[in-house]
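Here the structure comes first, spelled out in structure tokens, and everything after it is commentary.
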Amino acid sequence: MGGPRRVCKWLIVAVLANPITLWVHPRVAPAPADLRLVLTIPTHHDNRYWRVDLSSATSPYARASAEAMEGARSPIVYEVYWRDIPAGEYDVVAHVGGRAGLRGSDRSFVVFR
């Protein structure tokens, strides 16, 4: 097999290869639920903003957060906390943009019952 070091190196390469990586916790929980989002955005001179949206076809509830970035001087990791999200099935989509528009996105799905 590869062992923990090989897996760790693969994970680092995968994160750095994407303009943005989204991690959500929990993915399934009783409602109302608190949601923690971690955005990993590798340093790049064209990073100008990030945005994350929570939306649902089964619930009218929606949330969004965004922040301006300063290119290569920006932090690599951002955390967002949303509290008391009602029951529903939600798409969570994170974007990073630059001067010419969208640089990349990542998505996840959460269910709160």
- Item | Unit charges at the beta carbon, dipole of the chain: most positive-side option, PRO60, LEU35, GLY88 | LEU35
- Message: Within 13 Å, Cβ to Cβ, of HIS44, how many net charges do the neighbouring residues add up to if Lys/Arg are +1 and Asp/Glu are -1?
- Response: +2
- Query: Translational D (Stokes-Einstein, µm²/s) of region 3-112 at 37 °C and 0.692 mPa s when Rh comes from the Kirkwood sum over C-alpha pairs?
  - Reply: 223 µm²/s
- Task: Provide the gained length on full extension for the span HIS44 to ARG83, in nm with one decimal, where the gain is 0.36 nm per separating residue minus the Cα-Cα distance.
- Result: 11.0 nm
- Message: Restricting to DSSP H runs of at least four residues, report the calculated mean residue ellipticity at 222 nm for the chain, -39500 (n - 2.57) per run over all residues, nearest 500 deg cm²/dmol.
- Response: -4500 deg cm²/dmol
- Task: Would you mind checking the tilt of helix 3-17 against the longest principal axis of the Cα atoms of the chain, expressed as 0 to 90 degrees and rounded to 10?
- Result: 90 degrees
- Expressed as a rounded percentage, what relative contact order does region 3-112 have, with Cα pairs under 8 Å and six or more residues apart? 33 percent
- Within region 66-105, trypsin sites (Lys or Arg not before Pro) in DSSP loop having at most 13 other beta-carbon neighbours inside 10 Å: ARG99
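Every number in this text was worked out from the coordinates using simple rules, so none of it is lab data. Just so we're clear, the structure is a prediction, and the values are computed from it rather than from any experiment. As a convention, Cβ positions derive from the backbone with ideal geometry for all residues, glycine included, and neighbour counts pool all protein chains shown.
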